[in-house]
Amino acid sequence: MSMAAVEPDHASARLDAIIVGAGIAGMYQLYRLRQLGLSVRVFETGTSVGGTWYWNRYPGARVDTETMFYSYQFSEALQQEWDWPERYPAQADLAAYARHVADRFELWPDIQFETRVDAARWDDAAGLWTVETDDGTQVTARFCIMATGCLSAVNYPEIDGLEDFAGETYHTAHWPADSVDFAGKRVAVIGTGSSGVQSIPVIAEAAAHVTVYQRTANYVMPAHNRPMAADEVAEIKVNYPALRAKAKQSFSGNYFPVAGPSALAVSEEERNREYEKRWAMGGLAIMATYADFQTSEAANETASDFIRNKIRTIVKDPDVAELLAPKQLFLCKRLCVGTNYYETYNRDNVTLVDISETGIDRITPEGVCVAGHTEPVDVLVLATGFDAVTGALKRIDIRGVDGLALREKWADGPRTYLGLGIAGFPNLFTITGPGSPSVLTNMIPSIEQHVEWIADCVRHMRDAGLDRIEAERDAETDWVTHVNDIGDETLRATCQSWYFGSNIPGKPRVILPYAGGFPAYTEKCDEVAAAGYRGFALR
Ligand code: N01
């Protein structure tokens with residue numbers, strides 16, 4: 001089907017619901033609200049669906065959660081009919097999947113592309129949201145649902161001279177649709193999080209030379225990507241309901257086997273055997289090996305040391321290996337998954353520059369200057385990540401009751417009830433908002449849980465003749481306190497990471513996701529709904 005998307009409507013229109021973003025969350029929310037008979041419009045900045053998988057087109061971009069489980073489960077027919085080519089499919093396959101979903105559920109007509117939402121204003125007397133877009137459209141609706149993504153507000157680093165660079169500059173999360181030609185070029189990559197880890201080996205194969213600027217070394221597990229075998233796919237598909245149910249009972253909503261409650265309760269030999277098994281398995285499964293990785297530093301160090309030693313065996317230059325060996329605890333920052341990442345530093349055309357102490361002095365028209373030395377380059381790749389979880393919401397001028405600005409309300413950190421509702425902002429829902437498990441879990445099951453909770457809530461309101469819902473201040477305060485307490489108890493609090501906003505200058509240091517796990521969180525959401533949406537004021 002062609003993309004018969006909505007034409008911009010400059011006249012004021014009245015809808016039941018507006019959804020901001022046509023990624024995995026916005027698409028499914030549209031489907032669920034339309035099923036209720038609501039009139040809905042989705043606004044999307046890009047030219048097609050997919051969100052994360054539309055924008056992150058950098059070389060080597062692929063999902064690092066096994067895609068048989070990183071996929072929608074709301075439609076049994078969809079999950080049976082769709083075939084993933086690889087264990088960790090590439091960005092193009094994920095974008096194709098998103099387009100297939102839009103075709104299959106006829107979502108295109110209700111999505112207006114190439115339209116950025118700049119502002120959203122609540123009118124308490126009318127009980128309506130008015131959304132303003134960059135093309136001058138003003139649309140009103142009873143409900144406004146932010147499906148803006150946790151990792152979508154691009155972080156352009158504040159480095160002196162960045163604008164003056166004379167060569168080509170690309171950000172991994174805003175990569176051009178046409179592929180970039182690196183042949184014969186000298187490339188600088190700034191950033192060694194998941195995006196840098198995935199792109200550096202692929203760029204190194206094409207470029208004349210790659211210089212990697214590393215501020216913090218990360219733990220990188222090998223992906224061991226491979227084509228999906230037909231019998232493996234068949235077995236998963238037959239057992240999908242049971243496997244999905246089991247995944248939902250795990251902390252991260254993933255299907256990872258747990259070896260035991262404590263890394264310290266077993267011998268070193270047994271522990272290392274288990275870690276070797278996970279290294280051979282590849283991917284994120286090592287996270288779940290022992291249950292005390294976030295509570296016991298000694299337990300955590302056993303896994304940290306295992307990976308550091310792997311780096312020392314792979315990387316031939318011992319000085320480079322030491323620079324690549326992370327100093328912070330394992331899982332303090334987001335675990336990365338790569339292909340030939342450490343091996344890439346054995347190539348003659350790759351240089352690692354440690355900027356942990358110095359930072360980058362400046363970018364000059366010719367290249368990157370560190371500690372007084374300028375390395376001339378032709379291409380600058382910024383793999384510098386995102387203003388995570390709150391960034392996309394704060395970039396929109398959202399005004400609630402009495403003109404209260406969300407940016408002001410969240411000046412000292414986000415405040416939400418369950419990451420779903422915000423006191424002072426009636427009829428506004430956030431999908432995987434701050435204070436929900438989101439980025440600490442498999443995102444698609446977390447998105448589905450939020451979308452379904454919101455759709456059930458809207459149906460409940462319709463059936464009960466209610467048209468206004470707002471998180472209560474006390475419920476919000478209790479939830480924020482709980483989120484922060486749990487966050488501060490985990491070993492994640494011991495380093496600088498985007499989970500705490502530390503990557504953005506001036507951003508308050510507050511844990512952004514809920515670190516209590518997917519099962520505890522969903523139980524709480526279900527309890528709240530069953531108790532007539534306890535903690536929300538409905539009228
Ligand atoms: O971003 P990041 P990302 N000067 O923030 C460095 C998901 N994801 O795009 O660590 C110099 O992790 C920064 O240094 P430091 C996944 O959840 C998933 O890579 O702050 N350096 C860091 O090294 C992931 O965690 C997938 O000290 C600067 C890097 O840039 C999240 O997205 C793929 C700097 C940024 O790393 C974000 O990943 C990709 C500066 N001024 C992403 N500013 C898959 O599923 C920042 N840095 C595969």
How many times 2.2 N^0.38 Å is the alpha carbon radius of gyration of the range 439-484? 1.45
Once R0 is set to 35 Å, what does the formula 1/(1 + (r/R0)^6) return for the Cβ-Cβ distance between ALA125 and PHE74, expressed as a FRET efficiency to the nearest 0.05? 0.45
Interchain or sequence-distant (5+) residues whose placed amide H lies within less than 5 Å of the amide H of LEU15 are THR140, ALA141, ARG142
In Å, what is the Rg of the alpha-carbon atoms in the range 143-251, and how long is Dmax? 19.7, 56
Label point at GLU366 placed 7 Å out along Cα→Cβ; residues across the range 159-194 whose backbone nitrogen lies under 17 Å: 161-162, 164-168, 186-188
Using the basic label-point model (7 angstrom from Cα toward the beta carbon), what is the GLU168 to GLU357 distance in nanometres? 3.6 nm
In Å³ per residue, the alpha-carbon convex hull of the range 388-510 encloses 108 Å³
Evaluate the distance, in nm, between pseudo-label points positioned 7 Å from the Cα of GLU343 and of THR47 along their respective Cα→Cβ axes. 3.6 nm
Separation in nanometres of the label points that stand 7 Å from Cα toward Cβ, at GLU106 and HIS482: 4.1 nm
The range 293-300 - phi-based ³J(HN,Hα) in whole Hz, Karplus 6.51/-1.76/1.60, Gly and Pro as x: 5, 9, 10, 10, 4, 5, 5, 4
What FRET efficiency would be calculated for the residue pair ARG539, GLU489, taking the C-beta separation as r and a Förster radius of 35 Å, to the nearest 0.05? 0.40
Loop sites in the range 287-334: trypsin sites (Lys or Arg not before Pro), DSSP, at most 13 other Cβ within 10 Å: LYS316, LYS327
So what is Rg over Rh here for the range 405-471, counting just Cα atoms and using Kirkwood for Rh? 1.01
Give me Rg over Rh for the range 182-243, both radii from the alpha carbons and Rh done the Kirkwood way, two decimal places. 1.23
For the chain, give the magnitude of the charge dipole about the Cα centre (Cβ charges: +1 Lys/Arg, -1 Asp/Glu; no others), in debye to the nearest 20. 660 debye
Extension gain, GLU472 back to GLU114 (0.36 nm per residue minus Cα-Cα distance, nm): 125.3 nm
In Å, what Kirkwood hydrodynamic radius results for the range 438-528 from the alpha-carbon pair distances? 15.1 Å
The range 410-426 - phi-based ³J(HN,Hα) in whole Hz, Karplus 6.51/-1.76/1.60, Gly and Pro as x: 9, 4, 9, x, x, 10, 9, 9, 6, x, 10, x, 9, 4, x, 10, x
Square roots of 5 times each gyration tensor eigenvalue, C-alpha, the range 249-341, largest first, Å: 22, 15, 13
For the range 1-130, convex hull volume per residue from C-alpha positions, Å³: 127 Å³
Ellipsoid semi-axes in whole angstrom, largest first, where each is sqrt(5λ) of the Cα gyration tensor of the range 23-65: 26, 12, 4
At 1.002 mPa s and 20 °C, Stokes diffusion of the range 97-201 via Kirkwood alpha-carbon radius, µm² per second: 118 µm²/s
To the nearest 0.05, how large is the calculated FRET efficiency for VAL401 and ALA234 if R₀ is 60 Å and r is the Cβ-Cβ distance? 0.65
Expected sort for 501-511, 59-69, 194-204 on mean C-beta neighbours within 10 Å, highest first, is 194-204, 59-69, 501-511
What are the residues whose amide H is under 5 Å from the amide H of SER502, where those residues sit 5 or more places off or on another chain and H is modelled from the backbone? SER497
Remind me, what semi-axes does the range 320-438 give for its equivalent ellipsoid, largest first in whole Å, using sqrt of 5 times each Cα gyration tensor eigenvalue? 40, 20, 13
In the chain, what percentage of the DSSP-assigned beta bridges are antiparallel, given to the nearest 5? 40 percent
Diffusion coefficient, µm² s⁻¹, Stokes-Einstein with Kirkwood Rh over alpha-carbon pairs of the chain at 25 °C and 0.890 mPa s: 101 µm²/s
³J(HN,Hα), Karplus 6.51/-1.76/1.60, whole Hz, each residue of the range 335-345, x for Gly, Pro: 5, 9, 10, x, 10, 6, 5, 5, 4, 4, 6
In square nanometres, what is the average projected area of the Cα convex hull of the range 215-371? 12.6 nm²
Please report the net charge: other residues with Cβ closer than 11 Å to the Cβ of VAL379, K and R +1, D and E -1. -1
Out of TYR514, TYR156, TYR342 - ranked by how far each Cα lies towards the positive end of the dipole of the chain, with unit charges on the beta-carbon of charged residues - the top one is TYR514
Whole percent per 5 Å bin, from 0 to the bin with the longest distance: what is P(r) over all C-alpha pairs of the range 490-539? 4, 18, 18, 14, 12, 14, 13, 7, 1
Cys in the chain lacking any partner Cβ under 4.7 Å -> CYS144, CYS150, CYS336, CYS369, CYS457, CYS525
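Every read-out reported here was derived from the displayed coordinates using simple, explicitly stated rules and does not represent laboratory data. Bear in mind the structure is a predicted one, so any value in this text is a computation, not a measurement. Note that each Cβ is placed from the backbone with ideal geometry, even for glycine, and that neighbours are counted across all protein chains shown.
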